[in-house]
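> Could you have a look at this structure, given as structure tokens, before my questions?
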Amino acid sequence: MFAKRTNWNLAPNRLSEALAARRVAGKAVVDLTVSNPTKCGFVYDGPAILSALSNPAALSYEPNPRGLESARRAVAGYYADHGENVAVEDIFITTSTSEAYTYIFRTLCDPGDEFLIPSPSYPLFDFLADIQDVSLARYPLIYDHGWQIDFHALEQAITPRTCGIIVVHPNNPTGHFTKQGEIEKLNVICSARGLAIIADEVFLDFSFGNDRPQSFAENAGALTFTLSGLSKISGLPQMKAAWMIVNGPKKLKAESLARLEVVADTFLSMNAPVQLAMPALLAQGRTFQQQVSVRAQANLKELDRQLAGQVACVRLDLEGGWYAVLQLPANCSGEELALAILNEKGVYVHPGHYYDFASDRFLVLSLLARVADFTQGVTEILGFAR
């Protein structure tokens, strides 16, 4: 009765069972996995947001497969504010970056075709690919006082069925940005082999450096699809508004835009009120990002302070994003420690294998957690990891 593509193992793992049992028992949980910004105590301009959603123009239906022009102009303006030139006609508004991946997979891939994804990375890719009958192959990221792409392994992973390479910029959860030299190498590989680049930039604005790194949006060295949205930029995941930008060699770009328009026109999934509100919702990003920066920097400072008092654990270098990665001692299992600390101390943290780390010696900590919770959680973790 059911499709093989949805034959996932849906049984809860030990950590999720322990978390559910603790919550059923009414016991407190210090959550160091939190990723929903609307539940983290950040302040939003509620009146401005609600006012933007009450535009009378939303009473009129104007179907456009690429999205309302006003919404696309707002997105182009966001890039212009960062010194990047994006044409309105190269933008598609979608309900999420997940939907954008769906459009791209449907445009580029036949059943069984492949995309390369980084490892470590976010586990959602597996589900997105399964649903679209796309296979995934991993290319490793190497850590040596910072992360970098293993290009030898990447090229070895390419097969005749490979359609493209996914780059997360910055990566989730490692927090490193793709460097200019790496972008140039990706362009050479992809243009020579007829591959596309998907650049997932949802965390691009969250840099721990002085400047926001350059977007892939202007990349013309290979067919490139750049994805982002309001979920992270403005901390508004409930608005379900994202976009993709198409760039690359002229002929490939034109063919992609034409095919994507048919795919998007088939669904016309984006609603009018949120599209009309896009200028105001994007403007919310400034104050939201400032709050996240203050929170993340405070949590990183506290983590480093506590790490300085011990020698068992090490924080891996990061450049941006919402997460920190903690490397555990050689004799310590991330999953076993996560279970123990949840059961005994009520601290909930993700082991690294959730993100496809090569070993089970890592924990991933959310920097969005309230500072008091983060401080308590780190104290308990380091106490167990000695």
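The values are calculated or read from the model by the stated rules, or taken from the named source; none is laboratory data. Owing to the predicted nature of the structure, the values given are computational and were not obtained by experimental measurement. Cβ sites come from the backbone with ideal geometry, for glycine too, and all protein chains shown count toward neighbours. Please note that ligands, DNA and RNA were not included when accessible areas were found on the heavy atoms of the full protein model with its side chains. Shrake-Rupley method; radii C 1.70, N 1.55, O 1.52, S 1.80 Å.
> For His145, His169, His350, give the ranking by accessible area with the largest first, probe 1.4 Å.
Numbers: His145 155, His169 0, His350 35 Å².
Result of the area sort, largest leading: His145, His350, His169.
> Using a basic spin-label model with each label point 7 Å from the Cα along Cα→Cβ, how many nm lie between Lys250 and Glu218?
For Lys250 paired with Glu218, the spin-label model returns 2.0 nm.
> Let me have the 222 nm mean residue ellipticity of the chain computed from DSSP H runs of 4+ only, each contributing -39500 (n - 2.57), with the sum over all residues rounded to the nearest 500.
Values: 13 runs with 155 residues, N = 386.
Value at 222 nm, helices only: -12500 deg cm²/dmol.
> Within the stretch 55-100, report the chymotrypsin sites (Phe, Trp or Tyr not before Pro) that DSSP leaves as loop and that have at most 14 other Cβ atoms within 10 Å.
Values: sites: Tyr61, Tyr78, Tyr79, Phe92; in loops: Tyr61.
Those satisfying the criteria are Tyr61.
> Amide H of Asp113 versus every other amide H placed in the peptide plane: which residues, excluding those fewer than 5 positions away on the same chain, fall under 5 Å?
Ser135
> Want the number for Arg138 to Leu50: 0.36 nm per residue separation, take away the alpha-carbon distance, what's left? Don't skip to the end; give the middle numbers.
Numbers: separation 88, 0.36 × 88 = 31.68 nm, distance 4.23 nm.
Stretched fully, the Arg138-Leu50 segment lengthens by 27.5 nm.
> Determine the relative contact order of the stretch 48-170: mean sequence separation of Cα pairs under 8 Å and six or more apart, normalised by residue count, in whole percent.
Numbers: 121 pairs, mean separation 25.3, N = 123.
That works out to 21 percent.
> Follow-up. Determine ³J(HN,Hα), in whole Hz, for all residues of the stretch 306-312 in sequence, where each value follows from phi through the Karplus function 6.51 cos²θ - 1.76 cosθ + 1.60 and θ = phi - 60°; x replaces Gly and Pro.
With coefficients 6.51, -1.76 and 1.60, one gets 6, 5, 5, x, 8, 10, 7 Hz.
> Under 5 Å between amide H atoms, partner at least 5 residues away or on a different chain: which partners does Ser96 have, H built in plane at 1.01 Å?
Ala242
> Using amide H atoms built 1.01 Å from N in the peptide plane, name the residues 5+ places from Gly248, or on other chains, whose amide H lies under 5 Å from its own.
When sequence neighbours closer than 5 places are left aside, the close amide H contacts are Thr224.
> Please work out whether the stretch 1-146 counts as rounded, prolate or oblate from its C-alpha gyration tensor, where a ≥ b ≥ c are the square roots of the eigenvalues and a/c under 1.5 means rounded, while otherwise a/b larger than b/c means prolate and anything else oblate? Before the final figure, lay out the partial values.
On the way: a/c = 1.66, a/b = 1.22, b/c = 1.37.
Oblate.
> Pairs Lys240/Lys301; Lys4/Lys232; Lys39/Lys240; Lys185/Lys251: which exceed 23 Å Cα-Cα?
Lys240/Lys301; Lys4/Lys232
> Same structure, new question: Need one value: the accessible area of Val134 in square angstrom, 1.4 angstrom probe, rounded to the nearest 10.
10 Å²
> Something else about it: In percent, what relative contact order does the stretch 137-243 have, based on Cα pairs under 8 Å that are 6 or more apart in sequence? Could you put the intermediate results ahead of the total?
Numbers: 146 pairs, mean separation 21.4, N = 107.
Computed over the stretch 137-243, the figure is 20 percent.
> Could you derive backbone 3J(HN,Hα) for the stretch 148-164 from the dihedral phi with the Karplus parameters 6.51, -1.76 and 1.60 (θ = phi - 60°), listing whole Hz in sequence and x where the residue is Gly or Pro?
Result, ordered by residue: 8, 6, 7, 5, 4, 5, 4, 5, 5, 7, 6, 10, x, 9, 6, 9, x Hz.
> Now for a different question. Cα centroids of the stretch 335-386 and the stretch 13-63: how far apart, whole angstrom?
Between the Cα centres of the stretch 335-386 and the stretch 13-63 lies a distance of 22 Å.
> Using θ = phi - 60° and the Karplus curve 6.51 cos²θ - 1.76 cosθ + 1.60, what whole-Hz ³J(HN,Hα) does each residue of the stretch 211-221 get, with Gly and Pro shown as x?
Each residue's phi maps through the Karplus curve to give 10, 6, x, 5, 7, 7, 4, 9, 5, 10, x Hz.
> While we're looking at this one, here's another question. Which whole-number percentage describes the relative contact order of the chain, with Cα contacts under 8 Å and a sequence gap of 6 or more?
On the way: 702 pairs, mean separation 91.7, N = 386.
Normalised by residue count, the contact order of the chain is 24 percent.
> Here is a further query. So if we plug the beta-carbon distance of Ala153 and Val188 into 1/(1 + (r/R0)^6) with R0 = 22 Å, what FRET efficiency do we get, rounded to 0.05?
Details: r = 16 Å, r/R0 = 0.74.
Calculated value: 0.85.
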